[in-house]
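Contents: one structure, followed by commentary.
Just so it is clear, none of the values below were taken in a lab; they were calculated from the coordinates. From a predicted model like this one, the values you see are computed outputs, not experimental measurements. All Cβ positions, even for glycine, are placed from backbone atoms using ideal geometry, and neighbour counts span all protein chains on display.
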Amino acid sequence: MSASLLSQLAPDLSVINQYLAEGDIESAQSKLLLIDRTLKALFTSPENLSENDVLFLSDFSIKLNTTVLEISLKKQQAAKELGIHINTQKKINVYKNIK
């Protein structure tokens, strides 16, 4: 069972990175939740993990942390851009009301 779960992780992470490249933060976050569930399933019985599995998971953890950081940064950037847009819209509306 753990082998099939492990084999899902790398492709799922690639899909997340593809979503991020396309700017689809919501889909990336949804896929990240699936990876989280997979990892939880793997660690329900850690005694079934081989030494190679542990090494893979250690490497995967580094990649996953980098991806999570990238998602966080993209969300912050999107929030900032949205704030700027809303502020600009408010200024435009005030200007229109003055006329």
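Before moving on, here are some points about what is shown:
- Residue check, Thr44 within 18 Å of Ser4 (Cβ to Cβ) and in a loop (DSSP other than H, G, I, E, B): yes
- Near pairs, Cβ below 7 angstrom, 6+ apart or cross-chain, from region 50-75 (among the hydroxyl-bearing types (Ser, Thr, Tyr)) to any residue that is part of a helix (DSSP H, G or I): Thr67/Leu13; Thr67/Ile16; Thr67/Asn17
- Scanning region 1-11 for residues that are crowded, with 16+ Cβ neighbours inside 10 Å and under 14 Å from the mean Cα position of the chain (by Cα) gives a single hit, Leu9.
- Within region 24-62, considering residues that are closer than 24 Å to Leu73 by Cβ and among the small types (Gly, Ala, Ser), the one surrounded by the most Cβ atoms within 10 Å (Cβ to Cβ): Ala28
- Residue pairs whose Cβ atoms lie under 6 Å apart, separated by 6 or more positions or on different chains, with the first residue in region 20-43 and more than 13 Å from Thr67 (Cα to Cα) and the second in a helix (DSSP H, G or I) and of a type in the set (Gly, Ala, Ser), are Leu42/Ser2.
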